[in-house]
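Q: Below you will find the structure I want to go over with you.
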Amino acid sequence: MLFASTVYPGAADDEANKKIAAERKARKYNVRTYEGFPIRNWDHWLDDREAHLFVQSLETGANAKDLFAGTALVKEPGFATGESIDATWAPDGNSVVFVATTERHESAYAPVGSALYGIPAAGGEPKRLTAAKGSYSRPSFSPDGRFLYARFEPESGKTWDQPRLARAAWPLVAEPVVLTAAFDREIADYAFSTDGATVYLVIPEAGLQRLYTMPAAGGTPKLLIDSKEGLYGNLGAPEKGDSVLFVTWDSATRPAEVFRIAPETGVRQALTAFTTKEAEAIDWQPLRHFWHTSKRGKSIHSMIALPPGFDESKKYPLLVLMHGGPHGPWNDTISLRWNYHLLAQPGYVVLATNFTGSTGFGERFAQEILFDPFKGPADEINEAADEAIKRFAYIDGSRQCAAGASYGGHLANWMQATTTRYKCLISHAGLINAESQWGTSDSIYHREVMAGGPPWEPTKTWREQNPIRYAKSFKTPILLSVGENDFRVPLNQTLENWSVLQRQRVPSRLLVWPDENHWILKPENSKVFYQEVHAWLAKYLGK
C-alpha cells in the first residue's frame, strides 16, 4: 500500500514524529518563524512539516516505511510535494513515480515547476526523471506497462499554460514527448482502453467538459460524444476485460451521477440515480448558450439561467455574474457557490460570460489577459450584457446588477471604478488595491507577471488598472463579503474597500465571515449569504 502523510523534518519514523509533536505542544511560547517564501497557503499558515510517501505491507501488524526519510531530496531548500502527493506504482511494483518540486523557495520571484521522480519501494534516494521547465502532474502507466504518461504544463512566462498530455517509454531514459501539442485544448483528465491502444480524454470546451479519444501513441483527438450540456469527470476504466468507461456527469440542472459508456457506440447508461427524482421536480431550465463578437473582434461565449416560472412575455432584471480565476470558465454545472438557479430564483435572469482569460477556448485566448487584468474582460462582460438585452426581449435593461467572487470580486470593484450602468454591485473576496494585494496574498509572482513587473516599477498596468486609483468615482451601492481565514485575497482588501466606501459615503453593506476562507462553504453560512444577496438585489432591482 502506498500513501502520503505529513511529518516533521528529521523524523526517521513514527515514534520520532510523535516525539517532536509532543515537544512542540509542550512549549510555553508560541511563535511562527520563517526565512523564505511562501508562509501561507489558502487558509492556513505553513509550518515546517513535509508531505512524505509511505509504503506498507498489507500483512497484519506491518509498519509503514517512510520513503523520504533521510534522503537528500527532502533537504533541498525548495522541496515540496503538496499536501497530497501525486504518485503511482511502477508496473513491476518495485518502485514509485511521484511529482515534486525543489523550487518552492523561489516562488516570490520565479515560477515554480514540478518534475517527475522515481524511488525504489524498498527505499533509497529519489531520482529526478524529467528536466523540462514546466510542471508535470497525474503520472500514470499504460496497461502493458511500457509507457509512462503525465499531464505537462510548459513554462512560457505567461500567467497560464495549457496542460498537455505527454508520454515516455518506460524505464524513462528521455524526456517525455508531448502528444497533444497541436491540439489547442486543455487535457483535464485521461484514461486508457484495456488494450492500451486508445487514450480517452476529458476536454473542457466552452462551458462544457467533453469526452475525446486519441491513439495512445499520439494523433488528433476526436470527439467521442457530442454533448451539448454538462460536464464529464472522474474518468476511469477497468484494467482488464471489455473496454468501457466510467464517468460522472452533471449539468446546471442535474446533480452528478455515475454513468457507464461504451466507447464503440458512445451509448451512455446511468448506474446511479441518487438525485434524479428530486432534480426533475425542480422548476429550472437548462442553461441557454450564446456567442457575440466583441468590439475587439473576439468571439465571446455566454450562458443564461432563467428563473422558475419563467414567462417569455415578461420582463426580468439582469444579474451579471463574473467568474473567478481569471483562468477558469463558467461551466454548465451545479455549484454551492454562485449557484445560477438559486441566484435567479426570486425572478432574475442570470448572465455568465466567459471573457478573455477564461479556459476552454484555447491557450491564446486564456493568455491574452496578460497586462490587461481588468479593463478588457470588464468591457467584454458589459458588451455581453448589452448583447443579451438586445437579443432577449425578456431582459429589462434598465435594471442590472453585477456580482462576483475572487477575481470576479476584483471585477466587481473595477466596475465600481469605471461604470455606473449597474444599479448595485456584489463583491466577495475582491481586491480593491492591486499593489497591497501583491504584498499580502499567499501567492504573488503571477501578479507581477500579469502587470509586467513589481509594483515599485510602476508599469502601465499597475498605474491604470488598479480600482483604488479611481475611488473618487465610486458611486454604486455595493455589498462586500469576505472570509476572515482567506489568505488568497486577505481581509485587508475588503477593509480597504470598506474604508473608501465609507469615506466616499457610498451606500454599502459589509459581511465578514469569521469561520470561512476564500469560499463560503458552511451550509448555514451559505444560506445566510444567499439571503443577503437576494435582499440586496431586491432593494436595488426589485422583483
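What follows is calculated from the coordinates using simple rules that are stated; it is not laboratory data. Model, not experiment: these values are computed from the prediction. With ideal geometry, Cβ positions are generated from the backbone for all residues, glycine too; neighbour counts draw on all protein chains shown.
Q: Taking the stretch 133-162, which residues are more than 21 Å from MET214 (Cβ to Cβ) and out of contact with any strand residue (DSSP E or B) (no Cβ under 6 Å at 6 or more places or on another chain)?
A: If the condition is that a residue be more than 21 Å from MET214 (Cβ to Cβ) and out of contact with any strand residue (DSSP E or B) (no Cβ under 6 Å at 6 or more places or on another chain), then LYS133, SER156, GLY157, LYS158, THR159, TRP160 are the ones that fit.
Q: Hey, any hits in the stretch 442-457 for a residue that's hydrophobic (A, V, I, L, M, F, W, C), within 22 Å of SER156 (Cβ to Cβ), part of a loop (DSSP other than H, G, I, E, B) and touching a residue at least 40 places away in the same chain (Cβ under 8 Å)?
A: Initially, the stretch 442-457 is screened for residues hydrophobic (A, V, I, L, M, F, W, C), giving 444, 449-451, 456.
If we keep only those that are within 22 Å of SER156 (Cβ to Cβ) too, we end up with 444, 449-451.
Okay, now just the ones that are also part of a loop (DSSP other than H, G, I, E, B), so 444.
Restricting the remaining residues to those that are touching a residue at least 40 places away in the same chain (Cβ under 8 Å) gives 444.
Yes; the residues of the stretch 442-457 include at least one that is hydrophobic (A, V, I, L, M, F, W, C), within 22 Å of SER156 (Cβ to Cβ), part of a loop (DSSP other than H, G, I, E, B) and touching a residue at least 40 places away in the same chain (Cβ under 8 Å).
Q: Ok, one more. Kindly provide the set of residues from the stretch 88-118 that are more than 18 Å from PRO163 (Cα to Cα) and out of contact with any Gly (no Cβ under 9 Å at 6 or more places or on another chain), ordered by number. Outline the logic, then answer.
A: In the first step, residues of the stretch 88-118 are kept if they are more than 18 Å from PRO163 (Cα to Cα); the result is 88-97, 102-110, 117-118.
Across the stretch 88-118, the qualifying residues are THR88, TRP89, GLY93, ASN94, TYR109, ALA110, TYR117, GLY118.
Q: A further question on this structure: If you check ARG40 against the conditions, is it under 30 Å from the mean Cα position of the chain (by Cα), closer than 21 Å to ALA108 by Cα and surrounded by 13 or more Cβ atoms within 10 Å (Cβ to Cβ)?
A: Criteria met by ARG40.
Q: Looking at the stretch 186-201, can you tell me whether even one residue there is over 24 Å from ILE334 (Cβ atoms) and free of Cβ contacts under 8 Å to residues at least 12 places away in the same chain?
A: no
Q: A follow-up question, please. Within the stretch 222-237, can you find the residues that are part of a loop (DSSP other than H, G, I, E, B) and surrounded by 15 or more Cβ atoms within 10 Å (Cβ to Cβ)?
A: LEU224, ILE225, SER227, GLU229, GLY230, ALA237
Q: Now a separate question. I'm trying to understand the selection: among the residues of the stretch 132-157, which are within 13 Å of PRO111 (Cα to Cα) and surrounded by 17 or more Cβ atoms within 10 Å (Cβ to Cβ)?
A: Of everything in the stretch 132-157, those that are within 13 Å of PRO111 (Cα to Cα) and surrounded by 17 or more Cβ atoms within 10 Å (Cβ to Cβ) turn out to be GLY134, SER135, GLU153, PRO154.
Q: Suppose we filter ALA191, ALA217 for residues that are in a loop (DSSP other than H, G, I, E, B) and either small (Gly, Ala, Ser) or at positive phi (or both); which single one remains?
A: Among ALA191, ALA217, only ALA217 is in a loop (DSSP other than H, G, I, E, B) and either small (Gly, Ala, Ser) or at positive phi (or both).
Q: Which helices (runs of 4 or more DSSP H) does the stretch 273-388 wholly contain that include 3 or more residues that are within 28 Å of ASN525 (Cβ to Cβ) and within 22 Å of the chain's Cα centre (by Cα)?
A: The helices (runs of 4 or more DSSP H) meeting that bar are 340-344.
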